[in-house]
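Quick notes on the structure that follows.
The values are calculated or read from the model by the stated rules, or taken from the named source; none is laboratory data. Worth saying up front: this structure is predicted, and the values here are computed from it rather than measured. When we count neighbours, we look across all protein chains shown, and the Cβ atoms used for this are built from the backbone with ideal geometry, even at glycine.
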């Protein structure tokens, strides 16, 4: 599992490198989600990302509420 967001235009997963999440640990996100609760961060995180989908390539600004854990298939 890796932190990421879903593209606001096409829904494609966009993985986020840990350096984009100062003060927010992926392990903490996983623990919250595994308990069935929504992840709540005390940090204010915001990042503008571009979708990797070649048919989309939309750029949006994402915030803490947009963060999700993505299954990396590993």
ask   = How many residues are at pLDDT 90 or above, loosely packed, with under 15 Cβ neighbours inside 10 Å and part of a strand (DSSP E or B) if we restrict to region 1-22?
value = 0
key: Of the criteria (1) at pLDDT below 65; (2) touching a helix residue (DSSP H, G or I) at 6+ places or on another chain (Cβ under 9 Å), which one residue 69 fails   = (1)
remark   = From the option list 62, 33, single residue qualifying as at negative phi, surrounded by 12 or more Cβ atoms within 10 Å (Cβ to Cβ) and at pLDDT below 85 is 33
